[in-house]
Structures are given as C-alpha cells and as structure tokens.
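Participant: Encoded as structure tokens, here's the structure I'll be asking about.
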Amino acid sequence: MGVPPSFTSFGLYSRSAKVQLPISSIVDEFKAGKVRFHTILQDSPVQVIREVQDEVKSGPKWTAERAVTEAETSLQAKDIVSACNVIGPP
C-alpha cells in the first residue's frame, strides 16, 4: 500500500492526513454486519438459534431488529405499488 511500517490506524481517522477513512463507512459496516447477523439468526431453521436473535446488541439509538423490520416493510410496500402499476387503471 505504500505506507511506512510506523503508520498506525490512528492516521486513517485523522482529519488532516492524506489517507483518510470516513467514520460513516465504519458505522455503515457495523450496521450492515448487525443486520446480516440478525437476519441469519431470524431465518435459521433451528428453533434455538431463532430465539437467540433477541440478544443481538446494537445500541440505544439504532437496533438491527428495527432496521430489518423497516426494510421488510419498505419492500412489501414496493411490491404492492408495483403490482398496482402492472394492473393499471381500468
């Protein structure tokens, strides 16, 4: 990558460094991982594993369960709207 051996991860989060990692991408990766984990547990064929999904810790402001529910609701609404568009007006 062309970085010196003394380079630390602190340099990635610095606002004045040439190489920066945006904080929002780390938050997005955290959320995506939690949602993925919650979905895997939710869709498991084993009852004991499905019961563990309530223990997925996300945080006080954002929860993986709520994000999954909102995404599923949004997809259902899009399905209904697209079905109405296919049928069309009389």
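The values are calculated or read from the model by the stated rules, or taken from the named source; none is laboratory data. Just so we're clear, the structure is a prediction, and the values are computed from it rather than from any experiment. Positions of Cβ are generated from backbone atoms using ideal geometry, with glycine treated the same way; all protein chains shown enter the neighbour counts.
Participant: Is there any pair with a first residue in region 55-82 that is closer than 14 Å to Val27 by Cβ and a second that is acidic (Asp, Glu) and modelled with pLDDT under 90 whose Cβ atoms are under 8 Å apart and which are 6 or more apart or on different chains, and what are they?
Facilitator: Ser58/Glu65
Participant: I'd like the residue in region 1-60 that is of a type in the set (Lys, Arg) and at pLDDT 85 or above and, out of all such residues, is surrounded by the most Cβ atoms within 10 Å (Cβ to Cβ).
Facilitator: Looking at residues that are of a type in the set (Lys, Arg) and at pLDDT 85 or above, I get Lys34.
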